[in-house]
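Coordinate-derived values only; no laboratory data. Keep in mind that this is a model prediction, so the values were computed, not measured. Glycine also receives a Cβ, built like all others from the backbone with ideal geometry; neighbour counts cover every protein chain displayed.
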Amino acid sequence: MNETPVSSPVAERFSAEQAVAAGTDFAELRVGPHGLCWNEFRPSDGACRIWHWRNNQAHCLTPDGFSVRSRVYEYGGGSFCLSDDGLVFVNEADQQLYSQDLNGGAPQALTEGERRYGDLRWAAGQVLAVEETHAAKQVEHRLVMVAAHQRQVLAEGADFYAAPTLSADGSRLAWIEWSRPEQPWTATRLCCRERLEDGSWGMPRCIAGGEGPAQSLQQPRFDGRGRLYCLSDLNGFWQPWGETAQGWSALPAVSADHAAAPWQLGACTWLPLGEHHYLATWFEDGFSRLGLSHADGSQQRVETDYSRLRCLDLDQDYLYAIAASPTRPSAVIAIDRVDHRVQVLAGGAPPLPAERISRPQSLCYPSGDGTAHGFFYPAMNGSTRPPLIVFIHGGPTSACYPALDPRIQYWTQRGFAVADLNYRGSSGYGRSYRQALHLRWGEIDVEDACAVVEHLAGRNLIDPTQAFIRGGSAGGYTTLCALAFHDVFRAGASLYGVSDPQALARATHKFEGDYLDWLIGDPLEDSERYQQRTPLLHADNIKVPVIFFQGELDAVVVPEQTRSMLAALKANGIQAQGHFYPSERHGFRTAANLAHALEEEWEFYRQVLKGR
């Protein structure tokens, strides 16, 4: 007998408001001469604030009226850096740089105008940054150095820039750049300039990625002696490479990705410590590992209970990271460099008792002509064959992680099992797995979403007649394709999802301006392929209920797309709902809206399961 989830004391005790409140997250952290700072996002007010750790206490530095968040490339990242005596940050409202002391003084503007800034680094008394300008529908990017209202252009001419970094003695400047139509996870270049005797910079030169097989490079770093290192996926995974006496070569490393796809600026998942000795995280079956690698190829693992580790930094005593585990949400942690004892500095409080938390189980299952990955979360109401919700992450070249997500727990508490997928094309499993999505978006991701239902049903873990699918952004596109082209799911939810790829290509921003060509093909030459994979054109194929959630200020997936798809379904007599939020952009941030969306989705599924 099939079991339908209904309201229960367990479900009622973990409300949408509690799930949202537990979604406090940390964007990045930095260690400087005066201690540790991190950027913390709290859904209660949707703001990002800098906190300073001192005397074993955390103190908020960001005053009301400010929020620390960059919008370069729309996805931002690298929104603050620590200076010699304070910090410099990007204010979300105007995207300008502000300086602030560590005593909580009022922020002081360093820049003004219409420019945006991100990927901040402090070097030689100045701020290195990626700068973005919008003028006459032309968007340009460059690298700049800013100090005391003075601005110097360091590099321009390429379409995109990232990760400016200066050697300790100030003699070498390195960065990542790439040109359209490439994406930062398909092909980039590592470039460098040398300081001349008169103090000016010499001509840029390409260190890696300019010729030969395509490679994606990210996170360049100098060690204390001025040697340059970088992550490259030339050998199949993002692994450390560096300058040696024999030239540019790979360092001894685990055969695994040491970083995720660089959708945001400012990532730090590895740090060179000198003489080809480095600290790094990497992925094993989607789980993060942490360790110290040595020049002789030996490795010292730092064992922790955390399954996702990012934003590394260190001082003489501690390794710092933003971390999460299957039973604890994001936290700022300090790991003793001698005995590896872990101290939680902020966050990490579980929203539920450990015995009530559904734990992720690794998924590896056949799909089409390949193999797909993900994580399975059992329902927590004791049902032997519960309904299933398939979670599709955005990106689509992104990933999900086996760390406590209050949204997933919200569903497992209500009697749903959850399959959180890293379909083919996701990052974290090597270059070839990531590249599998090339020209096949709307095909293999959908194939993987459908195949997981068959896989889990074959193991008698779910009821395949009660499978749902949901996704945001690119995940919304996969959701709509699955509903339009396959008869697997009972209903679906699209959160700011793509329903018309060609319309997306016309309206989207520069960073993703050529992404659709890579994912599907040229809109003119491959117009038939677009038509075959456009849910809006096949809305009459959708025979099951769909619910939509959309921000009115979304610049990535514009609201008109969602309205068109909603209208098409209603015109066909399909049960469809649409919820539009005037103050939200691409991805919701306001607590009330996040909770409302969860509640409406839950009620929608309840009605579907009741046959209404």
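How far apart, in nanometres, would the label points at Ser432 and Asp94 be if each is projected 7 angstrom from Cα along the Cα-to-Cβ direction?
About 5.3 nm, to one decimal.
Find how much the distance from Val338 to Val139 grows on full extension, using 0.36 nm per residue of separation minus their present alpha carbon separation; answer in nm with one decimal.
66.8 nm
Using R₀ = 35 Å, calculate the FRET efficiency as 1/(1 + (r/R₀)^6) where r is the Cβ-Cβ separation of Glu17 and Cys364; round to 0.05.
In this case the efficiency is close to 0.50.
Please identify which residues in region 355-371 have an amide N closer than 18 Å to a label point set 7 Å out from the Cα of Arg459, following the Cα→Cβ vector.
Of the residues in region 355-371, 358-368, 370-371 have backbone N under 18 Å from the label point off Arg459.
Roughly how many nanometres apart are two label points built 7 Å out from the Cα toward the Cβ at His277 and Ala571?
My value for the distance between the label points is 6.8 nm.
Among all the lysines, which ones have a C-alpha under 19 Å from Lys570's C-alpha, if same-chain residues fewer than 8 places away are not counted?
Counting by Cα, and skipping residues close in sequence, Lys570 has these lysines nearby: Lys543.
Give me the distance in nm between label points sitting 7 Å out from Cα along the Cα-to-Cβ direction at Asp526 and Thr384, one decimal.
4.7
D for region 397-511, whole µm²/s, Stokes-Einstein with Kirkwood Rh over alpha-carbon pairs at 20 °C and 1.002 mPa s: what number?
For the chosen part, D equals 141 µm²/s.
Over all directions, average the projected area of the Cα convex hull of region 286-425 and note it in nm².
About 10.9 nm², averaged over all directions.
Report the paramagnetic label zone for Ala106: residues of region 42-75 whose backbone N is under 16 Å from a point 7 Å from Cα along the Cα-to-Cβ axis.
Answer for region 42-75: 62-66.
Take the eigenvalues of the Cα gyration tensor for the chain, scale each by 5, and report the square roots as semi-axes in whole Å, largest first.
Whole-Å semi-axes of the equivalent ellipsoid: 39, 27, 25.
Going by C-beta contacts inside 10 Å, put Ile50, Ile444 in order with the fewest on the left.
The fewest-first ordering by Cβ neighbours comes to Ile444, Ile50.
So which lysines can Lys510 reach, going by Cα to Cα under 26 Å and dropping same-chain residues fewer than 8 places off?
Lys137
In Å and whole numbers, how far do the C-alpha atoms of region 44-120 stretch along each principal axis, longest first?
Principal extents (largest minus smallest coordinate, Cα): 38, 30, 20 Å.
Peptides 429-435, 520-526: what's the order by average Cβ count within 10 Å, highest mean first?
By packing density, highest mean first, the sequence is 429-435, 520-526.
Projected onto the charge dipole of the chain (+1 at Lys/Arg Cβ, -1 at Asp/Glu Cβ, origin at the Cα centre), which of Gln264, Pro353, Ala555 gives the Cα projection farthest towards the positive end?
Projecting each Cα onto the dipole axis, the largest value belongs to Pro353.
Within a 10 angstrom radius of the beta carbon, how do Thr479, Thr62, Thr186 rank from fewest other beta carbons to most?
The most exposed by this proxy come first: Thr186, Thr62, Thr479.
Picking from Leu273, Ile333, Trp241, whose Cα lies most toward the positive end of the charge dipole for region 183-339 (charges on Cβ: Lys, Arg +1; Asp, Glu -1)?
Of the listed residues, the answer is Trp241.
Pop the C-beta distance of Ser171 and Asp45 into the FRET formula with R0 = 35 Å and round what comes out to the nearest 0.05.
Given R0 = 35 Å and the Cβ-Cβ separation, E is 0.20.
For n ≥ 4 DSSP H runs only, could you compute -39500 (n - 2.57) per run for the chain, divide by its residues and tell me the 222 nm figure to the nearest 500?
So the calculated ellipticity at 222 nm is -4500 deg cm²/dmol.
Can you compute the equivalent ellipsoid semi-axes for region 505-544, i.e. the square root of 5 times each eigenvalue of the Cα gyration tensor, sorted largest first and rounded to whole Å?
So the three semi-axes of region 505-544 are 22, 13, 7 Å.
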